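Worksheet: one structure, shown below.
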Amino acid sequence: MSTSQPVFSDNLWERGLERIYPSTGELDEFLQSGGQLKVFLGLDPTGPHIHIGHGSILLKLRDLQVAGHQITILIGDFTAMIGDPTDKTSARRKLSAEEVKANYQSYQSQIAKILDLSQIKFVFNKEWLGRLNFEEVVEIASEFTVSQMIERDMFQERLKRDEPIYLHEFLYPLMQGYDSVQMDINAEIGGSDQTFNMLTGRTMMKRRGQEKFVLTTKLLVDPTGKKMGKSEGNMVTLSDEPALMYGKIMSWPDTLMPLAFEICTRVPAAEVETILSEHPRDAKMRLAREIVSIFAGDDQVEAAEADFIAKFQTSEVPERVEVFYFTAGDMLRDVLIKAGLVESKAEYKRLVDGGGITVLPDSKVSTLTAVASSDQVIRVGKKKFIKLAVKRDE
């Protein structure tokens with residue numbers, strides 16, 4: 001892998017961050033004048049696990065916590081029942097209050113892997129959103145136009161496919177914006193896919209004479225642009241057992257490594273460039289060790305790596321596995337068809353739906369749009385194996 005391009009900077013405002021609103025200069029000026037950030041992260045408990053994409057944001061919050069800024073975690077126990085339409089091409093199923101409560105109860109122990117809980121505050125937006133009457137909801141809604149909402153990409157995609165857009169989905173960014181108004185904060189951090197929602201809060205605060213900085217973080221996305229998160233079924237969670245976490249990371253595409261090193265580890269930028277110049281397998285093992293160390297503990301790394309190696313060596317993999325060379329960026333489906341392990345796209349779909357395709361040691365392929373990655377060993381069914389390698393002369 002070429003090291004001619006700089007990977008990232010270790011600067012607090014550059015590593016892992018995509019953009020700062022209104023600007024990095026204005027944030028610097030605020031801090032140099034003695035200002036302190038009161039920054040919050042909003043988490044909708046739509047599932048019981050926090051995935052590593054959120055974990056990368058927690059690492060940035062840890063940097064801010066160490067720098068002396070105040071951290072608040074907002075649990076969206078009200079908004080989780082509505083469903084965030086961000087990047088969703090169909091309406092999300094609404095959750096019951098019981099489901100939401102069961103989900104957020106596991107969040108604190110996962111957050112504690114990164115943040116000092118004694119120095120952060122937890123708040124719940126049902127406290128204020130649940131008390132709004134209809135007149136107040138109408139008043140909040142009057143601050144924005146339908147055209148401002150409908151211009152969002154995911155709504156435009158639904159309109160093109162003649163799929164429904166529900167009125168309550170327009171209300172979601174208004175509720176998230178109202179969270180900012182109700183909290184004692186002056187900054188919000190979140191993934192770049194949340195930019196619209198976070199800026200809605202900034203707009204509402206500005207109308208009330210208050211400033212709010214918005215820090216958008218880079219997303220952990222696969223080569224197709226899909227988030228490595230809950231909705232796509234390919235996530236590493238902070239509650240995964242160390243060995244499972246290690247194995248999942250080893251199944252990630254090689255092309256994901258530079259970004260993953262930047263936002264999911266503490267390895268200095270200069271050292272990352274050196275690591276990425278090594279064999280992809282060795283670089284990925286280093287990535288897996290670093291992530292397991294951060295999110296599961298230093299004492300779990302050796303056992304997790306040993307488990308991964310043992311599964312490769314003792315699983316029912318033939319001593320000699322055919323190597324199939326593919327072009328970087330090829331879909332796994334197409335590679336397996338070309339290699340003769342899968343007869344058709346229809347058969348590939350049936351196998352994926354039935355859990356019949358595995359990236360060894362034990363990561364099931366769960367999406368039809370998975371991209372092939374070099375050095376993966378794939379098992380199709382119980383007895384078909386193939387090792388993938390990218391064409392180096394491409």
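The values are calculated or read from the model by the stated rules, or taken from the named source; none is laboratory data. Worth saying up front: this structure is predicted, and the values here are computed from it rather than measured. Positions of Cβ are generated from backbone atoms using ideal geometry, with glycine treated the same way; all protein chains shown enter the neighbour counts.
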inquiry  = What pairs come out if I take residues in the range 324-347 that are of a type in the set (D, E, K, R) and pair them with residues that are in a helix (DSSP H, G or I) and surrounded by fewer than 17 Cβ atoms within 10 Å (Cβ to Cβ) whose C-beta lies under 7 Å away, six or more apart or interchain?
reply    = 333/345
ask   = Of the residues 324, 261, 308, which is touching a Lys or Arg at 6+ places or on another chain (Cβ under 9 Å) and surrounded by 19 or more Cβ atoms within 10 Å (Cβ to Cβ)?
value = 261
request  = Quick one: count up the residues across the range 161-174 that are part of a helix (DSSP H, G or I), over 10 Å from residue 201 (Cβ atoms) and in contact with a Ser or Thr (Cβ under 7 Å, 6 or more places away or on another chain).
outcome  = 1
key: Scope the range 11-22; condition touching a residue at least 24 places away in the same chain (Cβ under 8 Å) and either exposed (fewer than 15 other Cβ atoms within 10 Å of the Cβ) or within 23 Å of residue 294 (Cβ to Cβ) (or both); matching residues   = 12, 15, 16, 17, 18, 19, 22
task = Looking only at the range 23-40, decide whether some residue is buried (at least 20 other Cβ atoms within 10 Å of the Cβ), out of contact with any strand residue (DSSP E or B) (no Cβ under 6 Å at 6 or more places or on another chain) and modelled with pLDDT of 95 or more.
result = no
task = Go through the residues of the range 312-327 one by one and say whether even a single one is under 25 Å from residue 53 (Cα atoms) and either touching a helix residue (DSSP H, G or I) at 6+ places or on another chain (Cβ under 7 Å) or not assigned by TED's automatic domain parsing to the domain that holds residue 51 (or both).
result = no
task = Considering each residue of the range 46-68, count those that are among the hydrophobic types (A, V, I, L, M, F, W, C), in contact (Cβ under 8 Å) with a residue 12 or more places away in the chain and closer than 13 Å to residue 119 by Cβ, and give that number.
result = 3
request  = Only residues in the range 129-149 that are closer than 14 Å to residue 207 by Cβ count as the first member; pair them with residues that are loosely packed, with under 11 Cβ neighbours inside 10 Å, Cβ under 9 angstrom, at least 6 apart or cross-chain, and list the lot.
outcome  = 143/207
inquiry  = Can you confirm whether residue 98 is assigned to a helix (DSSP H, G or I) and at pLDDT 90 or above?
reply    = no
ask   = Taking the range 41-71 as the region of interest, how many residues are buried (at least 20 other Cβ atoms within 10 Å of the Cβ) and assigned to a loop (DSSP other than H, G, I, E, B)?
value = 4
inquiry  = Filter the range 174-206 down to the residues that are closer than 17 Å to residue 58 by Cα and surrounded by fewer than 20 Cβ atoms within 10 Å (Cβ to Cβ) and list them by number.
reply    = 192, 193
Residue satisfying all of: in the range 345-377; touching a helix residue (DSSP H, G or I) at 6+ places or on another chain (Cβ under 7 Å) and at pLDDT 90 or above; surrounded by the fewest Cβ atoms within 10 Å (Cβ to Cβ) among these = 345
